[in-house]
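The values are calculated or read from the model by the stated rules, or taken from the named source; none is laboratory data. Nothing here was measured: the structure is a model prediction, and the numbers come from that model. Glycine gets a Cβ as well: all are built from the backbone with ideal geometry, and neighbour counts include every protein chain shown. Only protein heavy atoms, including side chains, enter the accessible area calculation; ligands, DNA and RNA are left aside. Shrake-Rupley method; radii C 1.70, N 1.55, O 1.52, S 1.80 Å.
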Amino acid sequence: MPKRVRTAVFPVAGLGTRFLPATKAMPKEMLTVVDRPLIQYAVDEAREAGIEHFVFVTGRNKAVIEDHFDRQFELEATLEARGKTQALDELRKELPSAGRTSFTRQQEPLGLGHAVWCARDIVGDQPFALLLPDMVFRAKPGVLRQMMDAYEETGGNVIGVEECAWEDVSSYGVVVRGEGTDTGFKIDGMVEKPKRDEAPSNLFISGRYILQPEIFTLLAEQTKGAGGEIQLTDAMQVLMQKQAFTGVKYDGKVFDCGSKLGFLTANVVFALDRDDIREGFLKELRNLDLEDHL
Ligand code: G1P
């Protein structure tokens, strides 16, 4: 039985330049899909997968994320006084337990690999999950839960992947698929942001990882890769010579909420998934004279 994964890392230091001016003073991780911030989706997914300790790698302007995962007594007292017990219960349920969150700062935007490395002292010598909060999934069970199932069989490192359009491969890390099934296949290689005609596949790394702590030693070398950044993919490619990497082509679909199109689409799809919103939203959509807009 492989060592249990208890800790998850959430890199939330990015500047969010693709969403300016919305993200000038507000972290992009607090943008909402329907009524939940992006970061909340990732934390909920981690909790569903059995994660107990939530580590946030933050930067300047991100303090509100820390507040979001704290109690808000004034709000709670008001909800209580107004008898809004359901809203109150939900707020309490979503909160990580006291002492089960940690915050550290990346200080400089040197790349995803560097952000992960900044969590090394908090994570220590144990396997950990890594969730990129821009990537929001419509999946049941959650994607990290599905990956944990594979991890319990294989141990080692596990990466969630999904197929993308070939013209999009250059925006992501892409894997070389080896032997095995969709729920667990050997990864034979990976490359960060390949050109379309050099990509080994269109199976892209969609922002969910289970990693062994040896990755930190490789990240410590701080070698720069694609875009002049310290890339996690490059460190994983080296670690692959010593440790197994398993790919999971999970059941579900990702919305890349780091892009405006992905974010807008996620809002529509998640709203239509909600019992309390679906009917009214459909009515509004039908009432729109879309011909005017098309
Ligand atoms: C990062 C990773 C990349 C992955 C992507 C998913 O890239 O480096 O391998 O496919 O996240 O969102 P970034 O989006 O930071 O450029």
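Relative contact order for the chain using alpha-carbon pairs under 8 Å, separation at least 6, rounded to a whole percent? Reported as a whole number, the value is 22 percent.
For the chain, the solvent-accessible area works out to 53 Å² per residue, with a probe of 1.4 Å and every protein chain left in place. For the chain, the longest piece that avoids every one of the trypsin sites (Lys or Arg not before Pro) found in DSSP loops with at most 16 other C-beta atoms within 10 Å covers 101-194. Among the protein heavy atoms of region 218-273, carbon and sulfur supply 55% of the accessible surface, probe 1.4 Å, non-protein parts ignored. Note: relative contact order over region 62-146, using C-alpha pairs below 8 Å and six or more positions apart, is 18 percent.
Converting phi to 3J(HN,Hα) with the Karplus coefficients 6.51, -1.76 and 1.60 and the offset θ = phi - 60°, region 182-188 yields 4, 7, x, 10, 6, 9, 9 Hz in sequence order, with x at every glycine or proline.
Each principal axis of the Cα cloud of the chain was evaluated for its coordinate range; sorted largest first, these ranges are 58, 51, 37 Å. Translational diffusion coefficient of region 147-294 (Stokes-Einstein, Kirkwood radius from Cα pairs, 20 °C, 1.002 mPa s): 123 µm²/s. The antiparallel fraction among DSSP beta bridges confined to region 147-265 stands at about 75%.
A cut-off under 15 angstrom between Cβ atoms defines the neighbours of Q107, and their net charge, with Lys, Arg +1 and Asp, Glu -1, is +1. Think of it as helices only: each DSSP H run of n ≥ 4 in the chain is worth -39500 (n - 2.57), and spread over all residues that comes to -9000 deg cm²/dmol at 222 nm. Taking N202, N157, N267 in turn, the Gaussian network model of the chain (Cα-Cα springs below 10 Å) assigns the largest fluctuation to N267. For the listed residue pairs K62/K193; K62/K195; K193/K242; K62/K283, the alpha carbons are over 30 angstrom apart in K62/K195; K62/K283. 3J(HN,Hα) along region 229-239: 9, 7, 9, 4, 4, 5, 5, 5, 4, 6, 4 Hz, from the Karplus curve 6.51 cos²θ - 1.76 cosθ + 1.60 with θ = phi - 60°, whole Hz, x for Gly and Pro.
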